1. When the accessible area of segment 399-440 is computed with all protein chains present and a 1.4 Å probe, what percentage of it is carbon and sulfur?
2. Around H492, which amide H atoms from residues at least 5 apart in sequence, or from another chain, sit under 5 Å from its own amide H, with H modelled in the peptide plane?
3. For A21 paired with M451, estimate the spin-label separation in nm (one decimal), with each label point 7 Å from Cα along the Cα-to-Cβ line.
4. Relative contact order of segment 386-497, please, whole-number percent, based on alpha carbon pairs below 8 angstrom and at least 6 residues apart.
5. For the pair F99 and F349, how long in nm is the line joining their label points, each one 7 Å along Cα→Cβ?
6. Sequence-distant or interchain residues sharing an amide H contact under 5 Å with G108, placed H: which?
7. Can you work out the Karplus-derived ³J(HN,Hα) for every residue in segment 423-430? Use 6.51 cos²θ - 1.76 cosθ + 1.60 with θ = phi - 60°, whole Hz, and x for glycine or proline.
8. Quick one: accessible area per residue over segment 372-458, 1.4 Å probe, rounded to a whole number of Å²?
Amino acid sequence: MAGGGFVSQSGGKVYEGGVNAFVIITCMVAAMGGLIFGYDLGISGGVTSMETFLKQFFPSVYEQQEKAAGGNQYCKFDSQLLTLFTSSLYLAALFASFFASTVTRAFGRKMSMLVGGLVFLLGSILNGAAVNVEMLIIGRLLLGFGVGFANQSVPVYLSEMAPAKIRGALNIGFQMAITIGIFVANLINYGTAQIKGGWGWRLSLALAAVPAIMMSVGALFLPDTPNSILERGNTEKAKQMLKKIRGLDDVDEEFQDLVDACEAAKKVQHPWKNIMQPRYRPQLVICMFIPFFQQLTGINVITFYAPVLYKTLGFGDSASLMSAVISGAVNVVATIVSIVTVDRFGRKFLFLEGGIQMFISQIAVGLMIWKNFGVNGEGSMSGGKEADILLFLICVYVAGFAWSWGPLGWLVPSEICPLEIRSAGQAINVSVNMLLTFFIGQLFLSMLCHMKFGLFFFFAGFVAVMTVFIHFFLPETKNVPIEEMNGAWKAHWFWGKFIPDDAVIGHHHPSNVELYGKVV
């Protein structure tokens, strides 16, 4: 058994499985789906801070920025058309996630990844060649369609392929790819901004084709998950795949649980209607609230608009792009921390620690901006110790998000749903995420203009609320096999009453409650 084994118990059942190279490589290839999302998150903010890009597509914003020199810094980028360039992608991803859930269920997870990669590729070509705002927006919509398919299928794929013991670490590979995409995009923006002739933004946008090609080619070679193969009726092939990913010949017990889950899923003709039933209330609430809160951490303020934000606070052009590179690098390193710790300390510990860290740093950032810019927005933080402290505080905030709400926002919703509602649950997760991302992407620059430094207190308030929510309403799911997740819900002080006894595998064994414990 390569890499050591693990044992997972379910009411007296014991599964054994190995962590083998086949699973690791497969999950690494699948996780590349996160690159397209990350690259786009990182690239748009840098491009919208480039003067040549603004002059060509958004001349009114460029004029507004010039007029703001020495005046109200909070409002110098306030433009609904400019924010539509960034946020239109997320509106498209929202609609795409509903189509993607049907494709993911009917044709398999890898087919959704392939479709997502190819459509994203088309969007990147259109954006790189754009000559007017219309071409830009259509390109963004195609990118969004690709992101919707990738975000729907990749986390589910990873959760289904990974053994329970390292499911957290492998699933966070998706978030790791997102953070690498953001970091690479920040570096590319810094480089292309130096290009003489002012066409660097075209290169920034067109290079989105690289992760799109990587994802599309990767999807062609990936195997489908045993759950997905079973869902489409090929029992023997599914069993062979389970043997391959577990590195064992004897997988009868685990396979039988997969078959039982699949049979139950097949009886469900309408997963959307089904997920509204009381027995799925915990999954529905968590799949809605986690992405909702994830976006209201305020992270996308930093991710989309880091260079714009740094320029608003008085950093120069190069300094603002370099500051985005630094916070992007912190993002990558902190995500590695999450991969190492998530299956050791658990999901809940990381959620709570990250929430406290983000809350403290956001309050400090808000206070610093208030001290330097006051209510009227006149001031500067162009250099010296204060700018360094502000950048440090933003990095502390980014690190807190990157080892908690960032990766766990994708991991937890993808691992908690039974097979019969898994596609619907993930579609809800993606669509709520994209809807909130759209609103924050669209409204942030106006909110900064009107709420000023109070915007950081606004997000800190949500961070406090969501940390309390996690403490009381999320059971620990580390090391719980994905088909046995109902045991964790059944043992929860609040959600237990929604889960019928027959929904828990091995429910007739008293050891089941002992296994999960009473979870607060």
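1. Here carbon and sulfur together make up 88 percent of the probe-accessible area.
2. Correct list: V519.
3. Each label point is offset 7 Å from its Cα along the Cβ direction, giving 5.1 nm.
4. Relative contact order for segment 386-497 comes out at 25 percent.
5. Between F99 and F349, the simple spin-label model gives 4.3 nm.
6. Result for G108 returns nothing.
7. 5, 5, x, 5, 5, 5, 4, 5
8. Accessible area per residue: 27 Å².
The values are calculated or read from the model by the stated rules, or taken from the named source; none is laboratory data. Computed from a predicted model, the values in this text were never measured in an experiment. No Cβ is skipped: glycine too gets one built from the backbone with ideal geometry, and neighbour counts run over all protein chains shown. Protein only, heavy atoms only, side chains kept; ligands, DNA and RNA dropped before computing areas. Shrake-Rupley method; radii C 1.70, N 1.55, O 1.52, S 1.80 Å.
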